Amino acid sequence: MTLHEILNLRFLGNNVGAYLTCAGILLFGYLFKTLLSKLLSKLVFRFIRQRTEGVSEAQFQALLIQPVSIVVFLTTVYLAFQVLDYPVRSSELNHNDPWPQVALFRLYQLGIIVGVAWIALRLVDFVVLIFRRRAEMSTSRLNDQLIPFAKDLLKVLVLTIAFLVMLSRVFGVNVTALIGGLGIGGLAVAFAAKESLENLIASFTIFLDRPFAVGDLVEVGGVTGTVEKVGFRSTRLRTAEKSYVTVPNKSMIDKPLDNLSLRTARRVNFTLALSHSTTSKQLRGIVQDAQQVIKEYPLTTDDIQIKFAALTPAAKEVTVQYFVETTNYDEWLDVKEELNYRLVELVEKHGGVFASTGTTLVQLSNPDRLRGLQSPEQHVL
């Protein structure tokens with residue numbers, strides 16, 4: 001049997017030559033899909049090289065090679081099976097195309113739509129990467145807040161378009177009629193999603209009004225933390241305990257919000273409790289010298305309040321209040337610690353004594369009563 005006769009042998013409605021051609025196209029697509037995707041991505045990158053803002057070609061290819069290779073392979077699969085007459089047409093089917101062929105074609109369409117959507121999502125990531133490079137060279141923190149929000153918004157838009165195209169092309173749904181026919185059902189869904197819509201609108205309000213930016217330390221609703229991300233529905237805060245708190249955007253604009261990062265200074269406020277053995281002369285010297293010590297410190301302001309504020313049965317209380325010109329929490333702690341050391345040294349220098357917070361001894365005038373209190377028959381401690 002000659003080669004020509006072998007190639008013309010038929011089974012399952014196709015000859016051997018057609019099967020070999022189909023297999024060759026599939027093999028070519030499988031072996032060279034990565035190479036073809038690299039060539040395509042390299043060609044695209046040449047057109048946008050001038051606007052990539054330091055993003056390398058390797059980063060661009062790393063984002064696109066996988067989704068592009070899948071689309072390339074699906075294209076070769078389509079071309080390969082176009083060579084074949086599949087499946088065998090049966091007289092029992094009343095429509096033009098057999099259901100297996102229709103199902104395979106719908107599956108192919110679904111794969112192409114998913115692949116193209118994947119490419120679009122990776123392109124969004126690439127554009128975001130470019131803008132992040134630009135944001136690194138800018139002093140404004142608005143870009144750090146806007147870029148993640150725009151990234152999420154674009155990805156939702158891409159996925160929505162892909163879903164609508166899938167309904168239209170794969171499942172044959174009339175999308176225009178579907179959107180127009182939502183009517184009352186759409187209003188019901190909108191009412192059910194009332195909270196989500198309010199939070200979405202609040203997110204736009206945050207971007208327009210800009211009460212805070214990513215990286216600011218804020219306090220809202222009893223929660224204090226650093227803003228890490230502003231999303232569609234919520235804002236993420238990192239607290240001092242390193243926990244990750246999610247606050248609805250509606251709460252970020254409805255409740256009083258204190259942007260602690262915009263403070264010009266941080267306050268220190270505490271009480272010095274001195275024992276009653278500290279004389280008034282010693283107390284006056286401590287108050288005057290403490291005022292001078294805090295005033296002379298480089299990072300403190302002139303707004304200093306040190307007063308002998310209260311005389312209690314336990315102690316003579318001196319209130320201390322001053323402000324540190326820093327918005328950095330760690331630096332504030334360092335200044336506070338250093339001045340605390342200096343205040344302790346100052347009290348010791350003047351011979352003052354801090355009040356004890358331990359057990360208070362009470363002298364009883366009746367020793368017999370004291371012995372009665374100590375009797376185990378009367379009191380069990």
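Remark: pairs (first residue in the stretch 15-31, touching a residue at least 12 places away in the same chain (Cβ under 8 Å) and over 25 Å from Val68 (Cβ atoms); second residue open to solvent by 50 Å² or more (accessible area, probe 1.4 Å) and outside any helix (DSSP H, G or I); Cβ separation under 6 Å; 6+ apart in sequence or on different chains) = Ala18/Val83. Scanning the stretch 234-244 for residues that are open to solvent by 40 Å² or more (accessible area, probe 1.4 Å) and of a type in the set (A, V, I, L, M) gives a single hit, Ala240. Does any residue of the stretch 316-330 turn out to be loosely packed, with under 14 Cβ neighbours inside 10 Å, at pLDDT 90 or above and not polar (S, T, N, Q)? So far as the stretch 316-330 goes, no, none of its residues is loosely packed, with under 14 Cβ neighbours inside 10 Å, at pLDDT 90 or above and not polar (S, T, N, Q).
When Tyr78, Tyr86 are screened for being modelled with pLDDT under 75 and surrounded by 15 or more Cβ atoms within 10 Å (Cβ to Cβ), only Tyr86 passes.
Could you say whether any residue in the stretch 313-322 is touching a strand residue (DSSP E or B) at 6+ places or on another chain (Cβ under 6 Å), in contact (Cβ under 8 Å) with a residue 40 or more places away in the chain and assigned to a helix (DSSP H, G or I)? Within the stretch 313-322 (the criterion being touching a strand residue (DSSP E or B) at 6+ places or on another chain (Cβ under 6 Å), in contact (Cβ under 8 Å) with a residue 40 or more places away in the chain and assigned to a helix (DSSP H, G or I)), the answer is no, since none of the residues qualifies.
Every residue, every condition in (1) more than 12 Å from the chain's Cα centre (by Cα); (2) open to solvent by 70 Å² or more (accessible area, probe 1.4 Å), yes or no:
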site	(1), (2)
Val218	yes, no
Gly222	yes, yes
Gly225	yes, no
Glu228	no, yes
Phe232	no, no
Met252	yes, no
Arg267	yes, yes
Leu272	yes, no
Ser277	yes, yes
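Scanning the stretch 7-29 for residues that are open to solvent by 70 Å² or more (accessible area, probe 1.4 Å) and modelled with pLDDT under 80 yields Asn8, Leu9, Arg10, Phe11, Leu12. For a quick check of your reading: which strands (runs of 3 or more DSSP E) sit entirely within the stretch 137-246 and have at least 2 residues that are among the charged types (D, E, K, R) and modelled with pLDDT of 85 or more? Answer list for the stretch 137-246: 223-230, 234-239.
The values are calculated or read from the model by the stated rules, or taken from the named source; none is laboratory data. If you're wondering where the values come from, they're calculated on a predicted model, not measured in any experiment. Every residue, glycine as well, gets a Cβ built from its backbone with ideal geometry; the counts of neighbours run over all protein chains shown. Remember, those area values only see protein heavy atoms, side chains included, never the ligands or the DNA or RNA. Shrake-Rupley method; radii C 1.70, N 1.55, O 1.52, S 1.80 Å.
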